[in-house]
Amino acid sequence: MKNLLLLLTALFITTAFAHAQRTATSADKIRLPEGFKIELLYSVPRDDQGSWVAMCQDDKGRIIVSDQYGGIYRFPIPKLGQPIDPASIEQITYSPEGTPARKGIKGTDPQPLSEDLARLPKIGHAQGLCYAFDSLYVVVNSRNTSTGSGVFRLIDTDGDDQFDKLVTIKALAATGGEHGPHAILPAPDGKHLYVVMGNQTQLPEDYTHSRVPEVWGEDQLLPSLQHFMAGAEAPLGHVAQIDPEGKSWDVMATGFRNQYDAALNREGELFTYDADMEWDLNAPWYRPTRVNHIIDGADFGWRTGSGKFMDYCTDTFGAVVDIGPGSPTGVSFGYGAKFPAKYQNAFYVCDWSYGKLYAVHLEPKGSTYTATFEEFAGAQPLPLTDILVNPEDGAMYFTVGGRRVQSGIYRVTYTGDESTAPAESLAGGEDQRNRRQALESYLQTGAKQATDKELDRIWAGLGVPDRGIRHAARAALEKQSAGNWKARIAGEENPVAATAALIALARIDAANSASDILEKAMSFDYQSLKSRQTRLDILRCIMLTLTRSGQPEDAVKAELIAWLDGVYPAKTPEENRDLSAFAAFLEAPFAVERGMALLSSASGQEEQIGYALNLRYLKDGWTPKLRETYFKWFVLSGNYKGGARLANYLADIKKHAIESVPKSDLTPALTKLIETAPESSMPQFTLEPREFVKMWTMEDLAADLGVGLEGNRDFANGRQMAGAGTCYVCHRFNGEGGAVGPDLSSAGGKFSPHDLLEAIIDPGKEISDQYGASNFKLKDGTVVSGRIMNMKEDTYWVNTDMMTPSTITHVNVNDLESIEASPVSMMPPGLVSTMSRDDILDLLAYLISGGDPEHELFKN
């Protein structure tokens, strides 16, 4: 009897704990700004209703949701303060005309399908839902359904509140992954819809029009490094406009990686939250997750592997704001929420992997926008999938789920003291947006070739400082016949306008105009141009010309090498990355010597990898010492930390470099060096080893924060120290570095010198919730400390070392006892212990300056 009692007690405890694990994260574990309240309305029974990933509202105000690998459900929104009644949840079924009417299945115990109905087409596996035009539009992303992937429309033809007609709007090639067809939403004109396609979705062969000039290319001067999606070529990830019947597919923008959703602001401008490639962390081509303003005709520059376009490339459109590492899912504006004005106007973006809902605060900047962001809601785990605002009750609703993890739906309301009266729209930029949109009219379906007067208007937009207007003007120019306008370039003296036109000409007519483009580009006094962007634009038009026309004739090549000799090396790493590629492509006699000088003096691993990448195919110009230094760098870089593919990329570069060494140069000493494996250690970013100086304290340095920072600091050394202190391993700074820690690009405007120095010296003194670790306490007493980076079903993938983003420990939720915030910072102390006092002050000045060598803190 006693043993039976013990057995029953153990069974009860086990069952109770298992039941607890089948509940979405408790509302009291979720962080929110002051004055906000959150309710967990429903924990989804996973075995019956799956894991919800998409959500919308229908014409009756009901919420419709989709299981990633199963059915579609709908239910009425409960009154404030009340949970969802499980009995009110109805599975949406499709009963074609002429079959017995079948009402939706309610509750969590689905009725069995009759034999006849079981053979009918079923629809599910949706990653996009939209109720519009008296229909439910469903975007299916799966090859495991009778419909296949595509955009579908469910219609209720007889008004009985049950769908009985299924229309295929557009069948799409099956992807079988999570980078396929995603969201669908109404367009602002009330006549169309927008569809959102990830980068494993090809443009339909019968697409009807493209606002993006159809001259897309890979544009790589040297072969790119590729692993995931090797061989994939543009265009892939895109957003298109369709009509309700699916007769048109108008490509609006391309070059996305895996944007899951999109939303419109009050002005009708479209925004999305695009994915990073986390395996590329700490590689020079890594791009964090980012908010994009989707304008007509834009290519946002995703290419597979190392081929991604940098945001400063004028033939892409860049980001409104970089967010950091994560997995973007649903987005929504806060319009209609009974929130304070700041949060009504916010653009909310969901991060599935790190469990964060960000409020992005947009500000008009000319014809486009800039932004700041804050964590609005967060917890571990909180795998957010979709979000909406219900204007009837003024509440925000979001779902968690995906990949068969525990799913749920939450409601957020405001109970604080601030006014929740409807907020006014953000003022500013109206005239500039109108001008940009007027130029974008030349990209639309049916647009005719511009007249001379219209070409004058387009040309005037090329030289303005507003990036959106300049982009629209260049794209409009690319839609015109080159013969109608390229003669204008010769007389254009404004380098901003000239380079925009040259980029357009290189993209549409490089094969016939290469000599003219190169001659005009080299005619500007490169060294005297104060604008870094203009210098980069000159390099971009040369790059595009060479990639699209091939090696120039000998006379032009000699002229290019002579020009290159006078400008390389340049002032910034961004310029030098392109210039070193030019030197390698043209096999300039100074390519190796100058490339190696840059590699040896570069401050962080991203910059170094960029130079090593461009040097790998060079066979001539090496001295024994330079080649020895190059292969010593491969030993050094063996300890560099980053995403899961970083080691593969470095191995590829080394493989190509070895293949470029003539057999006669493969001495025993060089062979031994090539075969030398790195000793495991903290990453070191200087070829010369650094010695321990001191474990610095605030007391040691506090007195230097005044006079010590007044205009006598060394910019170059500050940049070097950012590498020596491994800042770039975890932090983003001016487009370089990792992204697992906060972006430091604007740190100088947010923190005083004292606070910034304290965060460097004593990182554990104050730990931000946004970047803090969690302690995962297991039943056996083990504690795993880190942050959830990924999950699947009952397993959390926990990163335990922010210095090594690919270091993962798998934690089974059934083994968990608790998850609590860790009191220990993931940033280790002592990172400046190899620096002198002046080194630390130079580093501090570099961070305060935002990377501006002209800042007043530096020596004249």
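For the chain, which whole-number percentage of the solvent-accessible area (1.4 Å probe, protein heavy atoms only) is attributable to carbon and sulfur atoms? Before the final figure, lay out the partial values.
On the way: 17870 of 34970 Å².
Reported share for carbon and sulfur atoms: 51 percent.
Have a look at the DSSP beta bridges in the stretch 208-285 and tell me what percent are antiparallel, nearest 5. Working shown, then result.
Details: 9 of 12 bridges.
So the antiparallel bridges amount to about 75 percent of the total.
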Item to check | GluC sites (Glu not before Pro) within the stretch 484-592: DSSP coil, no more than 11 neighbouring Cβ in 10 Å | outcome: 493, 553
Item to check | Which label in (i) 27.9, 93; (ii) 35.9, 120; (iii) 28.6, 100 gives the computed Rg and Dmax of the Cα atoms in Å | outcome: (iii)
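Tell me the mean residue ellipticity at 222 nm calculated for the chain from its helices only (DSSP H runs of n ≥ 4, each -39500 (n - 2.57), averaged over every residue, nearest 500). Could you put the intermediate results ahead of the total?
On the way: 22 runs with 242 residues, N = 860.
Helices in the chain give a 222 nm mean residue ellipticity of -8500 deg cm²/dmol.
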Next on the checklist: Cut-off 18 Å, label point 7 angstrom out along Cα-to-Cβ of residue 593: give me the residues of the stretch 554-574 whose amide nitrogen falls inside.
Outcome noted: 561-570
Item to check | Candidates per GluC sites (Glu not before Pro) in the stretch 343-444, loop by DSSP, up to 10 other Cβ within 10 Å | outcome: 392, 424
Checklist outcome for this item: the stretch 344-365 and the stretch 633-651 have their Cα centres apart by a whole-number Å value of 33 Å
Checklist outcome for this item: Computed over the chain: longest principal axis from alpha-carbon atoms vs helix 452-462 long axis, angle to nearest 10 degrees, is 80 degrees
Item to check | Alpha carbon centroid spacing (whole Å) that separates the stretch 254-277 from the stretch 468-491 | outcome: 27 Å
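Are there any trypsin sites (Lys or Arg not before Pro) in the stretch 186-255 that are in a DSSP loop and have at most 13 other Cβ atoms within 10 Å? List them by number. Can you show the working numbers first?
Working: sites: 191, 211, 247; in loops: 191, 211, 247.
Sparse-neighbourhood loop trypsin sites (Lys or Arg not before Pro): 191, 247.
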Next on the checklist: Using a 7 Å offset from the Cα along the Cα-to-Cβ direction at both residue 191 and residue 623, what is the distance between the two label points in nm, to one decimal?
Outcome noted: 7.0 nm
Item to check | Charge dipole (debye, nearest 20) of the chain; +1 at Cβ of Lys and Arg, -1 at Cβ of Asp and Glu | outcome: 1060 debye
Next on the checklist: Roughly how far apart, in whole Å, are the Cα centres of the stretch 205-233 and the stretch 551-596?
Outcome noted: 26 Å
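Express the accessible area of the chain per residue in Å², computed with a 1.4 Å probe while the remaining protein chains stay in the model.
Working: 34970 Å² over 860 residues.
Per residue, the chain has an accessible area of 41 Å².
The values are calculated or read from the model by the stated rules, or taken from the named source; none is laboratory data. All values reported here derive from a predicted model rather than from experimental measurement. So basically every Cβ, Gly included, is an ideal-geometry build from the backbone, and we count neighbours across all protein chains shown. Side chains included, ligands, DNA and RNA excluded: accessible areas come from the protein's heavy atoms. Shrake-Rupley method; radii C 1.70, N 1.55, O 1.52, S 1.80 Å.
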